[in-house]
Amino acid sequence: MTLDLTGIGVSRGIAIGRVVRMRHGDPEIYEQALEDGSVEAEVERFRQALRKASEQLHAIRDAIPKGTPSEVAEFIDTHLLMLSDHLLSEVPVNIIREQHCNAEWALKLQRDALVSVFDQMDDPYLRTRRDDIDHVIRRVQHLLLRGEAPSDALAHDLRGRIVVSDELSPADVLVLHQRHAAGLITETGGPLSHSAILARSLNLPAVMGVHHATRLLQDGEVVVLDGSSGMVLAGADRRLLAEYRRRQRAEQIHRRELLALRDAPSRTLDGHTITLRANIELPEEIRAARQVNADGVGLYRTEFFYIHRQRPADEEEQLQDFRRVLRALKGKPLTIRTLDIGGDKDCSAADVGLPGRNPALGLRAIRRCLRDVPGFKPQLRAILRASSYGPVRLMFPMLTSVPELESALALLESVREELRAERRRFDPEMPVGAMIEVPAAALAAPGFAERLDFLSIGTNDLIQYTLAIDRLDEEVNYLYDPLNPAVLRLIRMVIEAGDAAGVPVAMCGEMAGDPRYTRLLLGMGLREFSMPPAALLEVKRIVRRSRLDELSRRCRDLPMTEPEIRALVEALNRDL
Ligand code: PEP
Ligand code: MG
């Protein structure tokens, strides 16, 4: 009988192998009172465990093969730094001495205190740091209790094995990779955890968040995992296994071909260069953008500075973040979108008041920002100031009309004046653009192009507003269609308006990263695509196999009905 489980696919690839279970569990820790005479021996026992943990992490770090992405070592360095921080190395010693308690208990008290500080911060972002602390402390706890870390207990050669665990620290992931594990399944964790990022960097297929996996899967049984879809399958018969092995081989070949394209130019067969940028929502994602060698960032969503926090990030915090991302981009452009809060985006840190009757049509994005100028200015100041450190481009979301654009531009100019008066540095030539994601803006695109340095089509919203379909409403999802002729006509109008004004037009909605539409969009005249990094190499592959002159000819007169458009897209993609 097959057992079909689902989790979150966090690192692509199909893996097939026998299960090895590994449980960390939260070690049971009890308080033990110490005799006066044994306190110093306990302090020494604690210090020995710290030394051993540090030796283990150094050994893991030293075994990282040459050519592995640098962030892999950075994760281990972070844990080593934490281990030597006085909060972990000295405060527990003070607790042992003051409370005459065992080292495990002292460490637990300190862990609870640190974690509660992180919990109060209420920043999803800092959660990863909280997890780091937990992982480091758990390693020391295991050393104190059992003399070994959980991954030490596993066999040294895990070739062809799938490790199933309640959770995995980045160091565990590295150890398991060094022992050649074929794939990972965990009960907890998500795509932004450091362990997931690491699994992706190491190309180790992984599915996280599979509830009760360590109970439902048995040691030695064969499982199939699909790190893209998040599927975990146990008990597959021979025929099914053979099918998955075939898919695995095909996928491996395809991935190798794609990776080989990382440094290849994004150029069509007839010699036109197409710009391929990355969309990122969190600064960590810049790593993924670098891994695929994106031409910079075409959309940096900044909502994380405001969402799920008790207070928004201030000017300095935003500036420091932009500088970090710019440094990582090494001279490639960073397109920062100003706050787009409201509608589908939650807004706990913004002063939201009651939700409107229809949030998608209400006080969202630039509308909200223009209403709350004192709240908006710190972001504009941070973006302008960041422009003195590297190629920054500012992009306003959700504009509906030219007068609204002019208000936004006037506000930006007043912020420039402020910075000049304060003698703060910024790039006076910083390009300013707008997202075209409301049909009214698409229809008025010439007016936008005349006043801006670039346009970027946001198809996620453009489709929602053109077709009157709530992008999050599952009941009407089936109607959400990028190939609707009305949507395509609006896209074409924007591209033509940009061409007429000599202003570059990009697309940063999901449609830009969907390889089914790459040729159609090229044929319609799009020359800049911005997309999730994971999609970039596939789009590049298609660009490199396309002839622009031929696509332009075939897409000159777009059909008027959906079936005809679908037939055209199919015909364009036939040889892919
Ligand atoms: C869009 O609407 O296409 C877009 C890129 O913006 P978001 O998805 O953040 O609304
Ligand atoms: Mg949008």
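The values are calculated or read from the model by the stated rules, or taken from the named source; none is laboratory data. Predicted model only: the values in this text are computed from it and were never measured. Counting neighbours? That spans all protein chains shown, and the Cβs are built from the backbone with ideal geometry, glycine included. Surface accessibility is based on the protein's heavy atoms, side chains included, excluding ligands, DNA and RNA. Shrake-Rupley method; radii C 1.70, N 1.55, O 1.52, S 1.80 Å.
Here are the numbers:
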{"quantity": "More than 40 Å apart - percent of Cα-Cα pairs taken over the chain", "calculated": "35"}
{"quantity": "Stretchable slack from A260 to E570, in nm (0.36 nm times residue separation minus alpha-carbon distance)", "calculated": "108.9 nm"}
{"quantity": "Peptides 158-168, 374-384 ordered by average Cβ neighbours within 10 Å, highest first", "calculated": "158-168, 374-384"}
{"quantity": "Cβ-based charge dipole, the range 1-238, positive-most Cα from G13, L107, V72", "calculated": "G13"}
{"quantity": "Percent accessible area from carbon and sulfur atoms, the chain, protein chains only, probe 1.4 Å", "calculated": "51"}
{"quantity": "Share, in percent, of DSSP beta bridges within the chain that are antiparallel, nearest 5", "calculated": "35"}
{"quantity": "Under Karplus coefficients 6.51, -1.76 and 1.60, residue-wise ³J(HN,Hα) of the range 547-561 in Hz, glycine/proline x", "calculated": "10, 5, 4, 5, 5, 4, 5, 6, 9, 4, 10, 6, x, 9, 10"}
{"quantity": "Per residue, in Å², the accessible surface of the range 99-251 once ligands and nucleic acids are set aside, probe 1.4 Å", "calculated": "40"}
{"quantity": "Per-residue [θ]222 nm for the chain (sum of -39500 (n - 2.57) over DSSP H runs n ≥ 4, rounded to 500)", "calculated": "-14500 deg cm²/dmol"}
{"quantity": "Shape category assigned to the range 466-576 from the gyration tensor of Cα positions, a/c cut at 1.5", "calculated": "rounded"}
{"quantity": "C-alpha center-to-center spacing [the range 132-175, the range 46-119] in angstrom", "calculated": "14"}
{"quantity": "Subset of K330/K377; K66/K330; K377/K540; K52/K330 violating a 32 Å alpha-carbon distance limit", "calculated": "K377/K540; K52/K330"}
{"quantity": "Highest average packing first - 42-50, 391-399, Cβ atoms within 10 Å", "calculated": "391-399, 42-50"}
{"quantity": "Where the range 388-442 is the region considered: accessible area per residue in Å², 1.4 Å probe", "calculated": "41"}
{"quantity": "Considering only the range 1-238, percent of DSSP beta bridges that pair antiparallel, nearest 5", "calculated": "60"}
{"quantity": "Cα gyration tensor shape for the range 217-311, rounded if a/c is under 1.5, else prolate or oblate", "calculated": "oblate"}
{"quantity": "Antiparallel content of DSSP bridges confined to the range 160-263, in %, to 5", "calculated": "40"}
{"quantity": "Modelled FRET efficiency - R0 56 Å, R554 with E475, Cβ distances, 0.05 increments", "calculated": "0.95"}
{"quantity": "Rounded to whole Hz, the Karplus (6.51, -1.76, 1.60) HN-Hα couplings of the range 6-17, x for glycine and proline", "calculated": "10, x, 9, x, 10, 8, 5, x, 9, 10, 10, x"}
{"quantity": "Highest average packing first - 205-217, 461-473, 29-41, 517-529, Cβ atoms within 10 Å", "calculated": "517-529, 205-217, 461-473, 29-41"}
{"quantity": "Inter-site label distance for R545 and A63 at 7 Å from Cα along Cβ, in nm", "calculated": "4.0"}
{"quantity": "Relative contact order [Cα under 8 Å, 6+ residues apart], the range 1-238, whole percent", "calculated": "41"}
